[in-house]
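Engineer: Shown below is the structure under consideration.
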Amino acid sequence: ALDGKADLLCASATASLSRRTKVDFSIPIFIDGASFAIGPNGPRDVAQLAGKKVGVLPGTTTEQELRRALKATHDNATVVLVKTNQEGIDALAKGEIAAYFADRATLTFLLRKEKEAANLLMADTYLSVEPIALALRLGDSAFRLQVDTALSHIYRRGAILEVFRGAFGPLA
């Protein structure tokens, strides 16, 4: 929850039903999904993770989807919780884990900026498809309407392309 410390959270937050008990969300700003990065010869599918170590940020929807996928495939992979996405990518680059799980947009950004990323790849597998939105105070419908109106104008004018380029680089 925002706990009154902020009016609007402009971060990569999945607008999930469980989170809606604590905060409201704007209209979606983009659609993303949980996926994973691997080394050049790494496992390309969740079913290939048996006996391997995999990294993820704790408390994220990605962690929930990873654990659900491992349970569904009866995989005995070891889940390693990391403090930051960078720590996860570093562990992957050093071979300490076989795969690092995060939102695909986050992984794309990290792989693009890392020098070692030339050896790291994005798996083709999606664990989930998630609407990403801005979080705001629960129950403030007037403010949510203002946020949604501003976002709608940004999209209609095409200004969102500049926002995405600034966040994700020229290929966005």
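The values are calculated or read from the model by the stated rules, or taken from the named source; none is laboratory data. Because the structure is a prediction, the values reported are computed rather than measured. All Cβ positions, glycine included, derive from the backbone under ideal geometry; neighbour counts span all protein chains shown. Ligands, DNA and RNA are excluded from the accessible area calculation, which covers all protein heavy atoms including side chains. Shrake-Rupley method; radii C 1.70, N 1.55, O 1.52, S 1.80 Å.
Engineer: Report, by residue number, each residue of segment 124-144 that is modelled with pLDDT under 90 and more than 12 Å from the chain's Cα centre (by Cα).
Structural biologist: Selection gives D124, T125.
Engineer: Here's a follow-up. When you look at G158, is it free of Cβ contacts under 8 Å to residues at least 12 places away in the same chain and open to solvent by less than 50 Å² (accessible area, probe 1.4 Å), yes or no?
Structural biologist: yes
Engineer: Test E162 against the stated conditions and say whether it is closer than 30 Å to K52 by Cα, among the acidic types (D, E), at pLDDT below 90 and outside any strand (DSSP E or B).
Structural biologist: no
Engineer: Between a residue in segment 32-51 that is farther than 14 Å from T73 by Cβ and any residue that is of a type in the set (K, R), which pairs come within a Cβ distance under 6 Å, given they are 6 or more apart or on different chains?
Structural biologist: As it stands, the answer is D32/R104; G33/R104; S35/R104, since those pairs meet every condition given.
Engineer: For segment 50-69, how many residues are aliphatic (A, V, I, L, M) and within 12 Å of Y100 (Cβ to Cβ)?
Structural biologist: Of the residues in segment 50-69, 4 are aliphatic (A, V, I, L, M) and within 12 Å of Y100 (Cβ to Cβ).
Engineer: Are any residues in segment 124-153 farther than 26 Å from A34 by Cβ, open to solvent by less than 70 Å² (accessible area, probe 1.4 Å) and either touching a helix residue (DSSP H, G or I) at 6+ places or on another chain (Cβ under 9 Å) or in a loop (DSSP other than H, G, I, E, B) (or both), and if so, which ones?
Structural biologist: G139, D140, listed by residue number.
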